[in-house]
Amino acid sequence: MEPFTFIPPPGRILFGPGTAWQVKEEIQRIGATRALFCCTGGRRDDTARLAQSVGPLNVGICDQAQLNTPSHVAEAGVALARKTNADVAVAYGGGSTVGLAKIIAHECDIPYIAIVTTFSGSEMNAGQGINRGGRKVNVMGPRMRPASVIYDQETIAGLPLSVAVPSGMNAISHACECLYGAGANPPGRLLAEEGIRIMAQSLRRMVEAPDDLAARGEAQYGAYLCAAPMATTRVALQHKICHTIGNGWGTPHAENHSIVLPHSLAYNRNHAPESMRQIARALGDADGDAPTMMYELLGLLNRIGGPVGLKDNHMPYDGLDQAADIVAAEPYPNPRPFEREAIRALLEDAWHGHPPAGGRATLVHSR
């Protein structure tokens, strides 16, 4: 058997309806007495109700979380944590909010608790990117692993499909790269493949029945499985492209991952054949073409009026050359070496919403 290193996910996971209201007990369990709650501006009212439930343990709310964690947002959050003498950060939201709490935890050397309201999986990754002048700067540290993670189906009952579907595709992108990224390992591959299977099935069910709370709960579980192997696996081309265009052009993160994923899989198709078989099997046909099947799954986003091409996700065409230059100049470990012209061709297909290179799909067309 191949040698490997595997770091298991955080040891305490609470899963089930109503578990968000157990946050007071989780704060007390780790011996904290001064909790700073983090959220986006749009989540402030919900967060305030949760913060009130912990009584005097609440020392404030930082409602500044933003997409891609701009440096000024991170600095404001850290400053507020120090001003309030917080000894735990509590994130209530998706990847942007969890990212802010992780930075606060890292900079202030305090634990954090994540109450997760999307499928991003950020809570499973002991790192966070900060947007400094349009470039992503990665920060890593042990405090970025949460003390507790809470998955409460009631918090996602009203999550619009326009958010839920790309968030689920984002989760699947994590799992795909955990299959073939540097550091991929047997237990991580098991989790990743099962995560893709559950998430894909859940997304299909949600699109058919948006009020199906059971499907949303299964998607939360799928998101957890998709992200769980990330502690020991490095991300690859998929994430490098999405980090580049998200930080450089301010394009929405989850939608970037949804759109680019079939194309990054096609780029790596012939260099990670066993991983492609696992992805295809998870999507329902072990003999299928993984990039094509992922593009067809992207059709769910098209069905609800979402973008399937980068041109519909606010990426300017005249930025593609620069994006390809940046990606090729700063490669991540990847099964296939980074080749600038091939990456530029990938971006061209993704911008138009074309089927992935070498694929057979014809079901999805960009608006």
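The numbers here are math on the coordinates, done by the rules we state, and not lab data. Just so you know, these numbers come straight off a predicted model, no measurement behind them. Methodologically, a virtual Cβ is constructed for each residue, glycine included, from the backbone with ideal geometry; neighbour enumeration extends over all protein chains shown.
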Looking at the stretch 65-94, which of its residues are more than 13 Å from Cys38 (Cβ to Cβ) and touching a Cys at 6+ places or on another chain (Cβ under 9 Å)? Arg82, Asp87
Taking the stretch 75-92 and keeping residues touching a Leu at 6+ places or on another chain (Cβ under 7 Å) and either assigned to a helix (DSSP H, G or I) or over 17 Å from Ile110 (Cβ atoms) (or both) leaves Gly77, Leu80, Ala81
When only residues in the stretch 212-235 that are of a type in the set (A, V, I, L, M) and under 14 Å from the mean Cα position of the chain (by Cα) count, which is surrounded by the fewest Cβ atoms within 10 Å (Cβ to Cβ)? Ala231
Looking at the stretch 1-46 only, could you name the residues that are assigned to a loop (DSSP other than H, G, I, E, B), without any contact (Cβ under 8 Å) to a residue 40 or more places away in the chain and closer than 19 Å to Asp152 by Cβ? Gly11
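Working carefully through the options Ala175, Ala171, Ala200, Ala182, find the one that is under 20 Å from His263 (Cα atoms) and surrounded by fewer than 22 Cβ atoms within 10 Å (Cβ to Cβ).
Ala182
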Would you check which residues across the stretch 250-277 are under 30 Å from Thr97 (Cβ atoms) and not in a helix (DSSP H, G or I) and list them? Gly250, Thr251, Pro252
Scanning for something not polar (S, T, N, Q) and not in a helix (DSSP H, G or I), does the stretch 186-209 turn up at least one residue? yes
Residue ID - surrounded by the most Cβ atoms within 10 Å (Cβ to Cβ), chosen from residues in the stretch 299-319 that are of a type in the set (A, V, I, L, M, F, W, C) and closer than 14 Å to Cys242 by Cβ: Leu310
Please verify whether Ala290 is surrounded by fewer than 24 Cβ atoms within 10 Å (Cβ to Cβ) and over 15 Å from His354 (Cβ atoms), treating the condition exactly as stated. no
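Of all residues in the stretch 139-160, which are assigned to a loop (DSSP other than H, G, I, E, B) and out of contact with any Leu (no Cβ under 7 Å at 6 or more places or on another chain)?
Listed by number, the residues that qualify are Gly141, Arg145, Pro146, Ala147, Asp152, Gly158, Leu159, Pro160.
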Do we have Val163 as assigned to a helix (DSSP H, G or I) and either over 16 Å from the mean Cα position of the chain (by Cα) or not hydrophobic (A, V, I, L, M, F, W, C) (or both) here? no
